[in-house]
Amino acid sequence: MQKRNCKIANLELSVLGAGCWAFGGGDYWGDQNQKDVEKVVHASVDMGINYFDTAEAYNEGRSESSLGEAIKGIPREKLVIGTKVSTSNCYKDSLIRHCEESLKRLQTDYVDIYMIHWPIHPHSIMHFSNDQKVVENPPTINEAIEALRILKQQGKIRQFGVSNFSRNRMDDLPLNEIAVNELPYNLLCRGIEYDTLPYCAEKGIGVIGYMALLQGILADIFKTLDEVPVWQRRTRHFNFSSTKECRHGEEGVEEETNKAIKSIRILCKETDFTMQELAIKWILANPALTCTLVGSRNIQELESNVKAIQEPLHKDIKSELDRITFSVMDKLGNHFDYYESAVNDRTK
C-alpha cells in the first residue's frame, strides 16, 4: 500500500483510506453490522490502510462509536484517525467540548486530524442546526482556529484541517497550519480541478478525496440513472425534479452523465478493468491527491477496493477518462457542493 505525505503536517496517509460514514448504521446508508465493521477495520490495517475518516455528524455520533469499538486491539501508532466538527459547534468552548466528546466515542486519547466539516456561514450551519441564534450569530473562523490550536497544544489532536473549503474560503485560513482539505473528487465530480486542488498542491496542503465512487454510480451498480435510489439522486448531476429530496433546483446534467458512463463501460471492456477499478485508479493517478476514501461495508467490498490500486493506470487510459468526463466537468463548472445549486454553493 503506497503512502503519500501531507507536507505541512508531515503525516503519511495510505493512498486508499477508509470512509466510515456507514459505520453505526443510519437513515442514509441503512443498517451496518458491527461485526462486519470490526472485520473490515482489522483487515484494512492488515492490507496497509492506515487512514480512517469519520465525523461527529455521521449517524449522530454512531460512526465514531462504531470505529472506536472496531480499533480495539490495534496498536494506535498504526492508525491515522480523522474526524470532523460540525460548523454549528465551532464556537471556541463548544468546539473544544465537541472534540472531547468525539475522543470519548472513539475511545482514544487523541485524533490525528481534526477538521472543520464545512465553511462557517449561516447557510452551511442550517444543514447542521436549526437553532436560529447560531444561524444569526455564527462562530467565526478565527475563534475556531484558536480552539484548534488549544486542542493541539493539549495533545488532543495532532493536526487540524478543513473539509469542503474552496480556494476563495482558504484565504481566511492560516495556511501554514492546515494539514488537509477534504474534498469531493471522482470522474464525474471534478470541480476542484479548476482552482482549489492546484492551490492546495501549491501550498503543500494534503487533499483527502471523498465520494470516489459517487455513491455506487461509478461502481456500476446501476444499469441506468433511473435505478439510482432517491437519496443518491440529489446531486447536481440529476434534474431537481427527479426526487423530492433534491434541493439544488437545477436542470442537471443527465445527458452528459449518461454519455460519460456509457463511454466508461466501453473502456472497461477494452481494458478488462471494472468501472470501480478505473474510477479509483484514475483518482490515484493524480499526484495532487494524498488519499482517497472508499467505503467498505464488508470484506468482499474491501477486497474489491484494494484490488484497484494493485496496478497503476496507464497515462493513455487516464487521458481518455479525462476526455470522456470533461463535458460533465465543464457543465457543472467550478462548483463542488454537489447538493446545492451553483448560486447556493456552501463551499464558496
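The values are calculated or read from the model by the stated rules, or taken from the named source; none is laboratory data. Just so we're clear, the structure is a prediction, and the values are computed from it rather than from any experiment. Here the Cβ positions follow ideal geometry from the backbone for every residue, glycine too, while neighbour counts run over all protein chains shown.
Would it be correct to say that ASP131 is in contact (Cβ under 8 Å) with a residue 40 or more places away in the chain and surrounded by 16 or more Cβ atoms within 10 Å (Cβ to Cβ)?
no
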For this session: Those residues that are buried (at least 19 other Cβ atoms within 10 Å of the Cβ) and not polar (S, T, N, Q), I need them from the range 64-78; list them, please.
Result: GLU64, LEU67, GLY68, ALA70, ILE71
Problem set entry | the range 297-348, residues that are assigned to a loop (DSSP other than H, G, I, E, B), of a type in the set (A, V, I, L, M, F, W, C) and more than 30 Å from GLU38 (Cβ to Cβ) | LEU313, PHE336, ALA342, VAL343
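What residue, of ALA70, ALA18, ALA43, is more than 24 Å from ILE145 (Cα to Cα) and within 14 Å of the chain's Cα centre (by Cα)?
ALA18
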For this session: Please find, within the range 38-55, the residue that is nearest to GLN107 (Cα to Cα) out of those that are surrounded by fewer than 21 Cβ atoms within 10 Å (Cβ to Cβ) and not hydrophobic (A, V, I, L, M, F, W, C).
Result: GLU38
Problem set entry | Single match in ALA308, ALA285 (criterion: in contact with a Pro (Cβ under 9 Å, 6 or more places away or on another chain) and either at pLDDT below 95 or among the aliphatic types (A, V, I, L, M) (or both)) | ALA285
For this session: Name the single residue, out of those in the range 309-348 being of a type in the set (A, V, I, L, M) and touching a strand residue (DSSP E or B) at 6+ places or on another chain (Cβ under 8 Å), that is surrounded by the most Cβ atoms within 10 Å (Cβ to Cβ).
Result: LEU332
For this session: Output the residues belonging to the range 25-44 that are in contact with a Leu (Cβ under 8 Å, 6 or more places away or on another chain) and in a loop (DSSP other than H, G, I, E, B).
Result: none
Seminar exercise, completed: Note: among ASN59, ASN89, just one is under 26 Å from LEU175 (Cα atoms) and of a type outside the set (Ser, Thr, Tyr), namely ASN89
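If we keep just the residues of the range 236-295 that are among the acidic types (Asp, Glu) and within 24 Å of the chain's Cα centre (by Cα), which is surrounded by the most Cβ atoms within 10 Å (Cβ to Cβ)?
GLU277
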For this session: Could you please let me know if ILE217 is crowded, with 18+ Cβ neighbours inside 10 Å and either of a type in the set (Phe, Trp, Tyr) or on the phi < 0 side of the Ramachandran plot (or both)?
Result: yes
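Could you go through the range 151-159 and let me know if any residue there is within 20 Å of LYS281 (Cα to Cα) and modelled with pLDDT of 95 or more. Break it down into steps so the answer makes sense when it comes.
Initially, the range 151-159 is screened for residues within 20 Å of LYS281 (Cα to Cα), giving none.
There is no residue in the range 151-159 that is within 20 Å of LYS281 (Cα to Cα) and modelled with pLDDT of 95 or more.
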Exercise. Among the listed residues GLU182, GLU255, which satisfies the condition of being of a type in the set (Asp, Glu), on the phi < 0 side of the Ramachandran plot and touching a strand residue (DSSP E or B) at 6+ places or on another chain (Cβ under 7 Å)?
Worked result: GLU182
Exercise. Which one is surrounded by the fewest Cβ atoms within 10 Å (Cβ to Cβ) among residues in the range 83-112 that are part of a strand (DSSP E or B) and among the β-branched types (Val, Ile, Thr)?
Worked result: VAL111
Exercise. Given THR257, THR243, which one is within 18 Å of ASP337 (Cβ to Cβ) and at pLDDT below 95?
Worked result: THR243
Problem set entry | For SER166: the one exception among (1) part of a helix (DSSP H, G or I); (2) touching a helix residue (DSSP H, G or I) at 6+ places or on another chain (Cβ under 7 Å) | (1)
Problem set entry | Among residues of the range 113-123, those that are in contact with a Pro (Cβ under 8 Å, 6 or more places away or on another chain) and either touching a residue at least 24 places away in the same chain (Cβ under 8 Å) or in a strand (DSSP E or B) (or both), counted | 2
Exercise. Residues in the range 45-61: is at least one assigned to a strand (DSSP E or B), within 23 Å of LEU214 (Cα to Cα) and β-branched (Val, Ile, Thr)?
Worked result: no
